[in-house]
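See structure below.
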Amino acid sequence: MSLTSAATLATLDRTGPRRITDLAAVEGVTQPAMTTLVRVMEESGLVERRGDASDKRVTLVCLTEAGASYVRTRRQAGVHAFERLIGELTGAEVEALVAALPALKHLAEIESQDREGPQR
């Protein structure tokens, strides 16, 4: 799976259903490229398109259960990788990481707001 596909699935998991144009802007790709990517992920059973109840002209891209499961599995793999690596650090290095967590959390929040842009 491409990095853009994985990032798109993660965005949908975090923010819920989105328009293709919104996803394209968030992921930094063109709308035609996102349309193609969504079609491929739809064929793979990871996403589906649904109508927007608030605007019948709009189609939203939604995660399927398979897509949500894929995102959870990838996140868990990342957690396990970090657990293994942190286990190799010294006590002082672990303490330094713990002390840096508030700043890292803030950076992640800033990045998330920048990537997600306005939600609809």
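The values are calculated or read from the model by the stated rules, or taken from the named source; none is laboratory data. The structure displayed is predicted, hence computed values, not measured ones. Note that we place each Cβ from the backbone using ideal geometry, even for glycine, and neighbour counts take in every protein chain shown. Accessible surface is based on the protein model in full, side chains and every heavy atom, while ligands, DNA and RNA are left aside. Shrake-Rupley method; radii C 1.70, N 1.55, O 1.52, S 1.80 Å.
Laid out as a table, the results:
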quantity: Å² per residue, accessible surface of segment 13-53 at 1.4 Å; calculated: 52
quantity: Under 5 Å, built H, 5+ apart or other chain: amide partners of residue 19; calculated: 61
quantity: Theoretical ellipticity at 222 nm over the chain - DSSP helices of four or more residues, -39500 (n - 2.57) apiece, nearest 500; calculated: -23000 deg cm²/dmol
quantity: Relative contact order, percent, the chain [alpha-carbon distance under 8 Å, six or more residues apart]; calculated: 25
quantity: Relative packing of 60-71, 26-37, 85-96, which averages over residues the other C-beta atoms within 10 Å, highest first; calculated: 60-71, 26-37, 85-96
quantity: Computed magnitude of the charge dipole of segment 39-120 (debye, nearest 20; Cβ of K, R +1, Cβ of D, E -1); calculated: 420
quantity: From the C-alpha gyration tensor of segment 49-120, square roots of 5λ in Å; calculated: 37, 18, 6
quantity: From phi via Karplus (6.51, -1.76, 1.60), per-residue ³J(HN,Hα) for segment 44-53 in Hz, x at Gly/Pro; calculated: 7, x, 8, 9, 9, 9, 9, x, 8, 4
quantity: Computed label-point distance, nm, for sites residue 1 and residue 43 using a 7 Å Cα→Cβ extension; calculated: 1.7
